[in-house]
Amino acid sequence: MKIKYIIALWILALFGSCEQVEEITSRDYPFIQSISVSDIDETGVTVNFEIKKNGSSAITSYGLEYWLQTFNGGQPNIQRLTRSGNPESPLVQQRISYDMIKEAYLVQPFVVAGGVTVYGEKLTFESLGVSAPKITEVTPREIKFYDQIHIKGDFFNSALDLNEVKLLGLEDTFTIRIDSVDNQNIWLSINLKNFSFQPTDQKYVLQVTSGGKFTQLADAISIYKPQILSVEPRRLYVGDSLEVVLNFFQTPGDLTFDLTSESGKVLSTYSYVTKEAGRYKFLAGNTAPGRYDVSINSTFWKTKFPEKIEVLPSWEVYRSGVQAPNTSDHQVLTTPDRILFIGNAPQTAGKFHSLDLGTSASQQLADLPGLPENRERPVLIGTQGRYFYFGLGLVRQGGSVAYRKDFHRYDFQTGRWERLADFPFEFSSVNKSLEFNGKLYLIMDNYLNFREYDPVTGTWTLTPVEVPSSIRNTNQFVQVGPEVYSLTTIYPLRLVAYRYGQDERSLPELYIQSLDQTNGMSYWDGNFIFTKDGQPEFRMDLRTLTLRPLQGIGENKKGDLPLWQSREGLMFAFPKNAQTNVRENLIYRLIQDLD
């Protein structure tokens, strides 16, 4: 009896002491107990734990941390699920529905109170993964060869290396790189790797594999098929602007614009001018007249417009069967009313012929008084539509050179030669002949300054004006009213304007490499005309300095004469076959309006 009494007192004392301690010392932090892992299936697991005791600070959040039981070195990739506030019940059930694969995991619950995290015991479980990924939205649905895609959905694994995206049927065509991922979003980049691929109207299945499970979205993606929506105008000249509207925008530098003849030959690549929201402007290149297919080409695709366009002829035959001397033994001078042929070979020396505008055969002019001789570097200039000045120059006699001082004028109204005042200076080799304000100005090979001849007084004068090097050293020059325009010979090219007695005026530099290959220059209808081997190549508007191509006469042809600026239009006289050098007895006239 005594023993039982002692035991009862001991138990009573024990409980009493516990209550006394709890009343004296409260817990600073909560105490939680891990209970179990339940409801393990292919959608996730449920973790059960209990908050046994609250601490002195309120719980501000709680949740789970979980990670693979087996991992490769370093620290585990810990996933954290957090809920805010204090749970409604001490017994907590929390579901893990994301970022698990079929592997063994460790999980431990936690609570946060007073800024301190308190953990429960670790639990081990074998995961069956989570729900298969779900796709709710894909943008864009129509992609280009180099593009970004955004996939929205759910149950994506946030570990980048546990995700894979495929376009079924295009695995060998595109490289797909996942840039970033979270549980509801995947962002990826797509890049073409099969450069022979041509897009069609086919739609492709998008497959997303995440955490070992996959889902597919049928007809999810199509490849943008470039299309030409419109081409205007449908009839145009070489050098005109052509506006092409595409169904998407691409960097203009990646595009070429081709015209293909009905025989299938690509005859011209158009050059890019400007762009605006899928609208592109091109300049029609130097293309023969005819009907053409229009196609836009990029590095990786080609698209053709369903309708043909027509390139109009810029030239028409003005006169055929024209008889005139050959340029092989004649110098040539063109004036608004005629082409003059000046003999410069032993068999033609001293002979002058004129092909008048509107005629089909040249006429020989009266002989120049004196012995016929072949003069080099003479004065050659026509004025007022009436006069032709000739003289000076040099004659080679054996191994010596004789300078000629005689100076003559032919009057087309009277049909007679008139001898004018002799040239009073020692050297008479003429570089170029110009006219300013009714007076003749000669650029001499051996003198720096202009020599002036006044037809009214019949006198020669040494002027104080030095000849600009821009005119002296070029063969590409043209006089427009009181100004002489010349093309420099050093790249980048420049046009230089000069008015007698004034300073030169440089126009903007021309960064057109092919212009450097031209070797002739004319002027018509407000435009400079640049030629290569006599064939038109480019035209430049004097007002805007816009450089555009100009159609030539035809393939395998070259010019035998400089372009003829006649009163009835700009003429291209006597083209030659570039291979056989046989001359055609034709004169063409420009019919394209250059304004």
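The values are calculated or read from the model by the stated rules, or taken from the named source; none is laboratory data. If you're wondering where the values come from, they're calculated on a predicted model, not measured in any experiment. Virtual Cβ from ideal backbone geometry, glycine too; neighbours counted across all protein chains shown. Note: accessible area is taken over every heavy atom of the protein model, side chains too, but ligands, DNA and RNA are not part of it. Shrake-Rupley method; radii C 1.70, N 1.55, O 1.52, S 1.80 Å.
Can you find even one residue in segment 290-313 that is closer than 14 Å to residue 549 by Cβ, modelled with pLDDT of 85 or more and assigned to a loop (DSSP other than H, G, I, E, B)? Quick ask: steps written out before the conclusion?
Filtering segment 290-313 for residues closer than 14 Å to residue 549 by Cβ gives 311-312.
Narrowing the set further to residues that are modelled with pLDDT of 85 or more leaves 311-312.
Keeping just the survivors that are assigned to a loop (DSSP other than H, G, I, E, B) gives 312.
Yes: segment 290-313 contains one or more residues that are closer than 14 Å to residue 549 by Cβ, modelled with pLDDT of 85 or more and assigned to a loop (DSSP other than H, G, I, E, B).
Looking at segment 96-206, what strands (runs of 3 or more DSSP E) fall wholly within it and have at least 3 residues that are modelled with pLDDT under 95 and not polar (S, T, N, Q)?
none
Check residue 355 against each of (1) within 49 Å of the chain's Cα centre (by Cα); (2) assigned to a loop (DSSP other than H, G, I, E, B); (3) over 29 Å from residue 456 (Cβ atoms) and name the one condition it does not meet.
That leaves (2) as the condition not met.
Which one is modelled with the lowest pLDDT, of the residues in segment 485-523 that are open to solvent by 50 Å² or more (accessible area, probe 1.4 Å) and of a type in the set (A, V, I, L, M, F, W, C)?
This residue is 512.
Free of Cβ contacts under 8 Å to residues at least 60 places away in the same chain, under 17 Å from residue 383 (Cα atoms) and either open to solvent by 10 Å² or more (accessible area, probe 1.4 Å) or among the hydrophobic types (A, V, I, L, M, F, W, C) (or both), is that true of residue 482?
Working: free of Cβ contacts under 8 Å to residues at least 60 places away in the same chain: yes; under 17 Å from residue 383 (Cα atoms): yes; either open to solvent by 10 Å² or more (accessible area, probe 1.4 Å) or among the hydrophobic types (A, V, I, L, M, F, W, C) (or both): yes.
For residue 482, the condition - free of Cβ contacts under 8 Å to residues at least 60 places away in the same chain, under 17 Å from residue 383 (Cα atoms) and either open to solvent by 10 Å² or more (accessible area, probe 1.4 Å) or among the hydrophobic types (A, V, I, L, M, F, W, C) (or both) - is met.
Yes or no: segment 86-95 includes at least one residue that is surrounded by 14 or more Cβ atoms within 10 Å (Cβ to Cβ), among the hydrophobic types (A, V, I, L, M, F, W, C) and modelled with pLDDT under 95.
Looking through segment 86-95, none of the residues is surrounded by 14 or more Cβ atoms within 10 Å (Cβ to Cβ), among the hydrophobic types (A, V, I, L, M, F, W, C) and modelled with pLDDT under 95.
Can you report the number of residues in segment 199-223 which are closer than 23 Å to residue 68 by Cα, of a type outside the set (Val, Ile, Thr) and surrounded by fewer than 19 Cβ atoms within 10 Å (Cβ to Cβ)?
3
Check residue 102 against each of (1) out of contact with any Gly (no Cβ under 7 Å at 6 or more places or on another chain); (2) closer than 18 Å to residue 42 by Cβ and name the one condition it does not meet.
Among (1) out of contact with any Gly (no Cβ under 7 Å at 6 or more places or on another chain); (2) closer than 18 Å to residue 42 by Cβ, residue 102 violates only (1).
Please work out if residue 65 is in contact with a Lys or Arg (Cβ under 6 Å, 6 or more places away or on another chain) and surrounded by 17 or more Cβ atoms within 10 Å (Cβ to Cβ).
The answer is yes for residue 65.
Here are some conditions: (1) open to solvent by 50 Å² or more (accessible area, probe 1.4 Å); (2) more than 20 Å from residue 237 (Cβ to Cβ). Residue 544 meets all but one. Which one does it not meet?
The one condition residue 544 does not meet is (2).
Restricting attention to segment 36-45, does a residue exist that is open to solvent by 40 Å² or more (accessible area, probe 1.4 Å), modelled with pLDDT of 95 or more, outside any helix (DSSP H, G or I) and of a type in the set (A, V, I, L, M)?
The answer is yes, given that some residue of segment 36-45 is open to solvent by 40 Å² or more (accessible area, probe 1.4 Å), modelled with pLDDT of 95 or more, outside any helix (DSSP H, G or I) and of a type in the set (A, V, I, L, M).
Within segment 448-467, can you find the residues that are within 48 Å of the chain's Cα centre (by Cα) and crowded, with 18+ Cβ neighbours inside 10 Å?
450, 467
Being open to solvent by 60 Å² or more (accessible area, probe 1.4 Å), among the basic types (Lys, Arg) and more than 29 Å from the chain's Cα centre (by Cα): is that true of residue 567 here?
yes
Of all residues being acidic (Asp, Glu) and closer than 20 Å to residue 404 by Cα in segment 354-376, which is most open to solvent (accessible area, probe 1.4 Å)? Just the residue, please.
Only one residue fits best here, namely 367.
Going by the conditions given, is residue 70 out of contact with any Asp or Glu (no Cβ under 7 Å at 6 or more places or on another chain), free of Cβ contacts under 8 Å to residues at least 40 places away in the same chain and within 29 Å of residue 132 (Cα to Cα)? Don't jump to the end; show me each part of the working.
Numbers: out of contact with any Asp or Glu (no Cβ under 7 Å at 6 or more places or on another chain): yes; free of Cβ contacts under 8 Å to residues at least 40 places away in the same chain: yes; within 29 Å of residue 132 (Cα to Cα): yes.
Taking the combined requirement at face value, the residue satisfies it.
Just for segment 377-403: of the residues that are free of Cβ contacts under 8 Å to residues at least 12 places away in the same chain and assigned to a strand (DSSP E or B), which one is least open to solvent (accessible area, probe 1.4 Å)?
It comes out as 402.
Could you please find all residues in segment 184-197 being open to solvent by 90 Å² or more (accessible area, probe 1.4 Å) and touching a residue at least 60 places away in the same chain (Cβ under 8 Å)?
Within segment 184-197, 195 is the sole residue that qualifies.
Scan segment 319-335 for residues that are surrounded by 12 or more Cβ atoms within 10 Å (Cβ to Cβ) and more than 19 Å from residue 346 (Cα to Cα) and jot them down. It would help to see each step written out before you state the result.
If we filter segment 319-335 for residues that are surrounded by 12 or more Cβ atoms within 10 Å (Cβ to Cβ), which is where we start, we get 319, 322, 324-327, 329-335.
Once the filter is applied, which keeps residues that are surrounded by 12 or more Cβ atoms within 10 Å (Cβ to Cβ) and more than 19 Å from residue 346 (Cα to Cα), segment 319-335 yields 319, 322, 333, 334, 335.
Looking only at segment 97-105, decide whether some residue is loosely packed, with under 14 Cβ neighbours inside 10 Å and within 30 Å of residue 197 (Cβ to Cβ). Spell out how you get there, then give the answer.
Within segment 97-105, the subset loosely packed, with under 14 Cβ neighbours inside 10 Å is 102, 104.
Next, from what is left, pick out any that are within 30 Å of residue 197 (Cβ to Cβ): none.
Among the residues of segment 97-105, not one is loosely packed, with under 14 Cβ neighbours inside 10 Å and within 30 Å of residue 197 (Cβ to Cβ), which makes the answer no.
Quick check, is residue 437 in contact with a helix residue (DSSP H, G or I) (Cβ under 9 Å, 6 or more places away or on another chain), touching a residue at least 12 places away in the same chain (Cβ under 8 Å) and closer than 30 Å to residue 494 by Cβ?
Taking the combined requirement at face value, the residue does not satisfy it.
Of all residues in segment 468-479, how many are open to solvent by less than 60 Å² (accessible area, probe 1.4 Å) and more than 18 Å from residue 539 (Cα to Cα)?
Here the count works out to 5.
Let me confirm something: among 278, 264, which residue is at pLDDT below 80 and within 20 Å of the chain's Cα centre (by Cα)?
Values: 264 fails: within 20 Å of the chain's Cα centre (by Cα).
So the residue among 278, 264 that is at pLDDT below 80 and within 20 Å of the chain's Cα centre (by Cα) is 278.
If I filter segment 340-353 for residues that are under 18 Å from residue 382 (Cα atoms), in contact (Cβ under 8 Å) with a residue 40 or more places away in the chain, open to solvent by 40 Å² or more (accessible area, probe 1.4 Å) and touching a strand residue (DSSP E or B) at 6+ places or on another chain (Cβ under 7 Å), do I get at least one hit?
no
Kindly check whether there is at least one residue in segment 524-537 that is touching a residue at least 12 places away in the same chain (Cβ under 8 Å), over 26 Å from residue 382 (Cα atoms) and surrounded by fewer than 17 Cβ atoms within 10 Å (Cβ to Cβ).
The answer is no; no qualifying residue exists.
Do you know which residues across segment 456-479 are without any contact (Cβ under 8 Å) to a residue 24 or more places away in the chain and over 26 Å from residue 336 (Cα atoms)?
Correct list: 461, 463, 464, 466, 469.
Scan segment 404-414 and tell me whether some residue there is hydroxyl-bearing (Ser, Thr, Tyr), more than 20 Å from residue 437 (Cα to Cα) and part of a loop (DSSP other than H, G, I, E, B).
Yes, because at least one residue in segment 404-414 is hydroxyl-bearing (Ser, Thr, Tyr), more than 20 Å from residue 437 (Cα to Cα) and part of a loop (DSSP other than H, G, I, E, B).
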